[in-house]
1. Going through the range 99-195, which trypsin sites (Lys or Arg not before Pro) have at most 13 other Cβ atoms within 10 Å and a DSSP loop state?
2. In degrees, nearest 10, range 0 to 90: what is the angle between the Cα axis of helix 108-118 and the longest Cα principal axis of the chain?
3. Starting from the amide H of residue 158, placed 1.01 Å from N in the peptide plane, find each other amide H under 5 Å away whose residue is 5 or more places distant or on another chain.
4. Label point 7 Å out from residue 63 along Cα-to-Cβ: which residues of the range 164-184 have amide N under 19 Å?
5. Indicate the gyration tensor shape class of the range 1-70 (rounded, prolate or oblate), computed on the Cα atoms with a ≥ b ≥ c the square roots of the eigenvalues: a/c under 1.5 is rounded; otherwise a/b larger than b/c is prolate and the rest oblate.
6. Against the longest alpha carbon principal axis of the chain, how many degrees, from 0 to 90 and to the nearest 10, is the axis of helix 294-304 turned?
7. Round to a whole number: what % of the accessible area of the range 5-61 belongs to carbon and sulfur, probe 1.4 Å?
8. Pick the calculated mean projected area of the Cα convex hull in nm² for this structure from (i) 23.6; (ii) 19.8; (iii) 22.1?
Amino acid sequence: MKEELLRKIQNKDLVCGVVGLGYVGLPLAVEKAKAGFRTIGFDVQKAKVDLVNEGHNYIGDVVDSELKNLVERGKLSATTQFDFVKDVDFIAICVPTPLDKHQEPDISYVKSSVQAISKYLTRGTVVVLESTTYPGTTEELIKPILEEGSELQCGVDFYLGFSPERVDPGNLIYKTKNTPKVVGAIGEEASQVIKAMYEAVLDGEVYAVSSPAVAEMEKILENTYRNVNIGLINEIGRLCNKMGISVWEVIEAAKTKPYGFQAFYPGPGLGGHCIPLDPYYLTWKAREYGFHTTLIESSMVINDSQPEYCVERAMHILNRHKKAINGAKILMLGVAYKNDIDDYRESPAIRVMEELRKVKADVDYYDPWVPEFKNMYGQSGKSLKNLTPEVVASYDLVMVTTAHHNIDYEMVQKNAQAVFDTKNVMSMLRGCENIEVL
């Protein structure tokens, strides 16, 4: 089986499948097709499937012309029908792994995808999970489902592994193609095949580890590292505010040290699919072993409470302008979770909006990247169409909650009654009396 799969990889005869055509799956499917492998994308959302088959891109990191060309050449197609799994040699699962309402891992998308795959899995197929999850998922959950549903044996009839996605939406340097990849598989043969496949598609290094659990933990470590350090700087920022010290100036000074320091920055909270969620996966799994992740949980508490802290600061700013937050008109600039993208998954700005409304503030937002949003928690909104001097002047407070670059911040400063900059994008205007920085 190994030799046949390696031969197919070398000759580009291997057929790839990608389950889940979102921010991770679609760019991966495109790269596989560009590398010369016929690729089939699977998604339960017919709208996404239709867009792909029409050659229309809906993900920022994919080039429209490339997608259309691949579809026209027959290298890339999409479907909602999982029976086409029987025609695929290598399947990557790239579905969401959010938290449920109890802040515990929701792996229902992974489970349902694997169950659908198992019905059509054939001998000689490779299955790789890319969705971020807790250590043990591949071997404890996915392997039994695949074996039971297909009546095939892992390591004998099919290969199984985990290779964590490392997608950073909006990153101008590192994308799917050139970001190093980690691979952990069940068995040495599976590891060799999966590594060879990614090496045939990607330019970045492919680094093999000894098991799926190591790769799963590695992914959790990457983002928990960032969560903990962001929690540290958010707490330092709160202290600096009480002491009358600029935390931003402190960070710039600390950055002059050429070793032993990496800069992290405060903000209204954490957003995106990974950094705010991954520590919950780890702490949830740790409880199974009677282990309490004290340091990690402390950082989570700080970061999770940052939106409330921002509202508290906004309240004080309004008070200094002799205005109560109850009934105050507040304009938020940005609801995307990071600058210059349209992704608002787990956006802290939306949390800030929710907290402001709880204290009866009248809140609007302007975001040139997110004209409207509707998330899994039932929250929704529509952006103002234009940001003019008259619009800015009509609000009691303007809050910068996403650091988009295509907003005229000088115009905002000149016309706003008061500005609360949680992202330090107006640093060049920091001395202005109507600006307060987080």
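1. Details: sites: 101, 111, 119, 123, 166, 175, 177, 181, 195; in loops: 101, 119, 123, 166, 175, 177.
Listed in order of number, the matching sites are 101, 119, 123.
2. Orientation of helix 108-118: about 20 degrees from the principal axis.
3. 124, 153
4. It comes to 168-179, nothing else.
5. Values: a/c = 2.56, a/b = 1.85, b/c = 1.38.
Prolate is the answer for the range 1-70, as a/c is 1.5 or above and a/b outweighs b/c.
6. Between helix and principal axis, roughly 60 degrees.
7. Details: 1060 of 2110 Å².
In the range 5-61, the share of accessible area belonging to carbon and sulfur is 50 percent.
8. Entry (iii).
The values are calculated or read from the model by the stated rules, or taken from the named source; none is laboratory data. Values in this document were obtained by computation on a predicted structure and should not be read as measured data. Glycine gets a Cβ as well: all are built from the backbone with ideal geometry, and neighbour counts include every protein chain shown. Note: accessible area is taken over every heavy atom of the protein model, side chains too, but ligands, DNA and RNA are not part of it. Shrake-Rupley method; radii C 1.70, N 1.55, O 1.52, S 1.80 Å.
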